[in-house]
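Peer 1: Sharing a structure with you now.
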Amino acid sequence: HSPKFITKYRTCRRQARERSGEADHHEGMSSDDELTPAEINEFQKSKDNVLEDSRKVFEDVHADFCDIRKILLKFQEWKEKLPDSYCDAYISFCLPKLLNPLIRVQLMNWNPLEVGMVFRQNFTELEEMPWFKAIEEFSDAKTISES
């Protein structure tokens, strides 16, 4: 909405309140930026297109390299078999960059402010998402192996 439209809309609403005698209005407590049904529909279509495209990002990647749990399992095996090599490679610094694209795709449809769907599964908390659990398990295994 343009600033002129919003100003005009606010003026009309204020005048309507004055005519109706509504005295309990508090400035700043109403929303003038509500979307029209057409805008909501357009937003939903755009969002659906983005989500559909995001599902295709890793479609040509072998399953072993786009599943966070499988990737972390390979690093865990490396650490157990060749701990010096693993340590010298500074893997703890590399993992965030390596996993970042995979996690971003999984977060594409996540909205912390509403109950949402992530790839047709309900997840409202980060801690419930598969990628978070996989990293948590990897961290726990790392802690256990270091003890």
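The values are calculated or read from the model by the stated rules, or taken from the named source; none is laboratory data. As the structure is a computational prediction, the values presented were derived from the model and not from experiment. Ideal geometry is used to build each Cβ from the backbone, glycine not excepted, and the neighbour counts take in all protein chains shown. Surface areas here come from the heavy atoms of the whole protein model, side chains and all, with no ligands, DNA or RNA. Shrake-Rupley method; radii C 1.70, N 1.55, O 1.52, S 1.80 Å.
Peer 1: In whole percent, how big is the carbon plus sulfur part of the accessible area of region 54-135, probe 1.4 Å, protein atoms only?
Peer 2: 59
Peer 1: Taking every alpha carbon pair in region 54-135, what does the distance histogram look like in 10 angstrom bins from 0, in percent?
Peer 2: Spelled out bin by bin, region 54-135 gives 16, 42, 29, 11, 1 percent.
Peer 1: Express the accessible area of region 54-135 per residue in Å², computed with a 1.4 Å probe while the remaining protein chains stay in the model.
Peer 2: Value returned for region 54-135: 71 Å² of accessible area per residue.
Peer 1: Run the dipole for region 54-135 about the Cα centre, Lys and Arg Cβ at +1, Asp and Glu Cβ at -1, nothing else charged, and hand back the magnitude in debye, nearest 20.
Peer 2: In debye, rounded to 20, region 54-135 gives about 160.
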